[in-house]
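Written below as structure tokens is the structure these notes are about.
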Amino acid sequence: MPTNLDPADRAKFASAEGALKFVEDGMRLGLGTGSTAAWLVRLLAEKVQSEKIDITCVPTSSRTRDLAESLGLKVTTLDDVGWLDLTIDGADEFDPELNLIKGGGGALLQEKIVATASDQMLVISDDSKQVDHLGAFALPVEVVKFGWETTKAIIEDALSDAAVAGDTVTLRLSRDAPYITDEGHYILDLHLRKIEAPMGLSIVLNQIPGVVENGLFVDIADAVCIGYASGEHRIMKPAREADDVLSTP
């Protein structure tokens, strides 16, 4: 581990380092987006070079693709490989059932497509992202540009009947202009404070015309590698699952 990291980055590094134990020669691997995922990409490049293993990578964003290619990793598209053995990605929040909020980095659509096209998903995160209930982190919803204000109004109306503690919806900005995703869409951030029924809310949101996808990842993650500032990590599995999911090598 680098010696000049602050506590938050030490925890992210520890999580990414722990996740490398699940990467095996010949894997088709989904690479997530975000600060913890960036550590994973850097460490993966070192592992590939030192161990001379063959890994085919599918990035979940242009940022991750650029980083992976700059480090010499073999990068392709999901269409080219068809299916993945494992996706390793970060999260903005995760609960005891490993339901996630993702999309703080703006790549939730590609992240969800890649994660669901994988045999397994391993989340990498520092311990600050662990919560009892999702919702403290704003829930991103990717929407098409056309009629986005109407879509926003319909979402706000739907939230009035949802099992959430807040209903404020804001358009995500990049400086003074709307943030644009890799797919050319806008993102609405839903400030809900607490989400009682993640699956139900996900279904409601995705039925609204104009909504492309939302940042609730429900029953997708198989395990979380939680990193700590001490440099240690541990594997957490869903409370509902037996211990045969993503067994530690």
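The values are calculated or read from the model by the stated rules, or taken from the named source; none is laboratory data. No experiment lies behind these values; they were computed from the predicted model shown. Positions of Cβ are generated from backbone atoms using ideal geometry, with glycine treated the same way; all protein chains shown enter the neighbour counts.
Structure above, values below:
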item	result
Yes/no for residue 87 being surrounded by 24 or more Cβ atoms within 10 Å (Cβ to Cβ) and among the polar types (S, T, N, Q)	yes
Single match in 173, 201 (criterion: more than 30 Å from residue 20 (Cβ to Cβ) and exposed (fewer than 13 other Cβ atoms within 10 Å of the Cβ))	173
Boolean, residue 85 is assigned to a strand (DSSP E or B) and under 24 Å from residue 116 (Cβ atoms)	yes
Tabulated pairs, the range 219-233, first under 19 Å from residue 120 (Cβ atoms), second among the small types (Gly, Ala, Ser) and assigned to a loop (DSSP other than H, G, I, E, B), C-beta under 6 angstrom, 6+ apart or interchain	none
Single condition residue 189 does not satisfy, out of (1) in contact with a strand residue (DSSP E or B) (Cβ under 7 Å, 6 or more places away or on another chain); (2) among the charged types (D, E, K, R); (3) in a helix (DSSP H, G or I)	(3)
Residue count, the range 168-198 (criterion: of a type in the set (A, V, I, L, M, F, W, C) and touching a residue at least 40 places away in the same chain (Cβ under 8 Å))	5
Helices (runs of 4 or more DSSP H) contained in the range 1-76 and holding at least 3 residues touching a strand residue (DSSP E or B) at 6+ places or on another chain (Cβ under 7 Å) and within 26 Å of residue 183 (Cα to Cα)	35-51, 62-70
Unmet criterion (only one of (1) under 26 Å from residue 198 (Cα atoms); (2) touching a residue at least 24 places away in the same chain (Cβ under 8 Å)) for residue 149	(2)
Checklist (1) out of contact with any Asp or Glu (no Cβ under 8 Å at 6 or more places or on another chain); (2) outside the structural domain of residue 60 (by TED's automatic domain parsing) applied to residue 126, failing item	(2)
Which listed residue is at positive phi and in contact with a Phe, Trp or Tyr (Cβ under 8 Å, 6 or more places away or on another chain), from 184, 147, 227, 210	210
Where a residue in the range 32-58 is touching a residue at least 12 places away in the same chain (Cβ under 8 Å) and surrounded by 16 or more Cβ atoms within 10 Å (Cβ to Cβ) and its partner, wherever it lies, is assigned to a helix (DSSP H, G or I) and among the acidic types (Asp, Glu), with Cβ under 7 Å and at least six apart	32/111; 33/111; 43/17
Residues of the range 116-153 classified as among the charged types (D, E, K, R) and closer than 18 Å to residue 173 by Cα, total	4
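Let's see how each residue does on (1) outside any loop (DSSP other than H, G, I, E, B); (2) in the same structural domain as residue 120 (by TED's automatic domain parsing); (3) not hydrophobic (A, V, I, L, M, F, W, C):
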site: 149; (1), (2), (3): yes, no, yes
site: 152; (1), (2), (3): yes, no, yes
site: 155; (1), (2), (3): yes, no, no
site: 161; (1), (2), (3): no, no, yes
site: 166; (1), (2), (3): no, no, yes
site: 180; (1), (2), (3): no, no, no
site: 199; (1), (2), (3): yes, no, no
site: 225; (1), (2), (3): yes, yes, no
